[in-house]
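The values are calculated or read from the model by the stated rules, or taken from the named source; none is laboratory data. Here the structure is a predicted model, which means the values were calculated and not measured. Glycine also receives a Cβ, built like all others from the backbone with ideal geometry; neighbour counts cover every protein chain displayed.
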Amino acid sequence: TVRRLAAPDIAARKGGVPIVCLTAYTAPVAAALDDACDVLLVGDSLGMVVHGLPNTVGVTMEMMILHGQAVMRGSRKAMVVVDMPFGSYEGAPEEAYANAVRIMKETGAQAVKVESGPTVPDTIRYLVDRGVPVMGHVGLRPQAVLVDGGFKAKGRDEEGRQKILAEARATADAGAFAVVIEGVAEALAREITEAIAPPTIGIGASAGCDGQVLVSDDMLGLFDWTPKFVRRYADLKGAIEKAAADYARDVQDRSFPGPAETYYAKKD
Ligand code: KIV
Ligand code: NA
């Protein structure tokens, strides 16, 4: 059997071959991504890209666990990290721990990820001390969208730069094995990557990080938006639209199903 990558393997990649990470939400897509990826992230972005929510605030523990289970079943080799949803970790550390343990026990995933705002590093320390590997997430924090008033790049002025650098340092000092940096200028991404011991994994954060992550639906062309930081590697939406149109034509002109796709009574 194949040994799955785990937190220490990813932590050891600091400054080495860049860490390859994509989001995954379902068993078949996880199976298709598993070979190429070091880390499959069951991101709470699933609220938007799979469930059609306006942001990630409405994502529940149950949604994260169901998708985490699917991704674990579909993959074999990649480390699977499950996002803790909004409201599941920002309160008392004991409550965050109970929710993290539930995610790990019910999915079998190797780690959880939390958006590390100012108060979260204490909770990261609490979880790591009790055996829960934690990935941090600084810069643009999508779960804070209702406070921030939109998805905007972060740390582009001096005050913001200092704040994000301090949050990244606190996240690393608290024991996070890796830190996602989202939506920051290249100079700040490089500064954080040099300043902290765990590897950084960037999204919209330049090539100056120790690895990269994208929302798979974005890079596969399934989700209808193309922010500056996304590169499209496929047009799956176009492929699905064409397949559906071809099918509709074949049904309407009765060329589907044909003889090869039809059962016939056995002759005796
Ligand atoms: O939810 C998500 O997909 C994420 C990544 C974009 C880092 O948190
Ligand atoms: Na997320």
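General remarks:
Conditions (1) touching a Phe, Trp or Tyr at 6+ places or on another chain (Cβ under 9 Å); (2) buried (at least 16 other Cβ atoms within 10 Å of the Cβ); (3) at negative phi, marked per residue:
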residue	(1), (2), (3)
19	no, yes, yes
34	no, yes, yes
44	yes, yes, yes
76	no, no, yes
90	no, yes, yes
95	yes, no, yes
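- Members of segment 43-53 found to be near ligand 2 (Cβ under 9 Å from one of its atoms), touching a residue at least 40 places away in the same chain (Cβ under 8 Å) and not charged (D, E, K, R), listed by number: 43, 45
- Count of segment 161-206 residues, restricted to those that are closer than 19 Å to residue 145 by Cα, within 16 Å of ligand 1 (Cβ to nearest atom) and out of contact with any helix residue (DSSP H, G or I) (no Cβ under 7 Å at 6 or more places or on another chain), is 6.
- Any hit, segment 170-185, residues being closer than 23 Å to residue 42 by Cα and either without any contact (Cβ under 8 Å) to a residue 40 or more places away in the chain or basic (Lys, Arg) (or both): yes
- Residue within segment 110-117 that is more than 16 Å from ligand 2 (Cβ to nearest atom), small (Gly, Ala, Ser) and over 16 Å from the mean Cα position of the chain (by Cα) present: no
- Selection from segment 137-167 of residues that are of a type outside the set (A, V, I, L, M), touching a residue at least 24 places away in the same chain (Cβ under 8 Å) and closer than 18 Å to residue 57 by Cα: 137, 139, 141, 142, 143, 151, 152
- Residues (closer than 18 Å to residue 184 by Cβ and within 16 Å of ligand 1 (Cβ to nearest atom)) located in segment 115-137: 115, 116, 117, 120, 135, 136, 137
- Of the residues making up segment 106-119, those that are assigned to a loop (DSSP other than H, G, I, E, B), at pLDDT 95 or above and crowded, with 18+ Cβ neighbours inside 10 Å are 109, 110, 114, 115.
- Those residues of segment 47-62 which are of a type outside the set (Gly, Ala, Ser), within 12 Å of ligand 1 (Cβ to nearest atom) and within 24 Å of residue 105 (Cα to Cα), in sequence order: 50, 56, 59
- Which numbered condition residue 85 misses (of (1) more than 15 Å from ligand 1 (Cβ to nearest atom); (2) in contact (Cβ under 8 Å) with a residue 40 or more places away in the chain; (3) surrounded by 15 or more Cβ atoms within 10 Å (Cβ to Cβ)): (1)
- Scanning segment 120-137 for residues that are crowded, with 19+ Cβ neighbours inside 10 Å and more than 12 Å from ligand 2 (Cβ to nearest atom) yields a count of 9.
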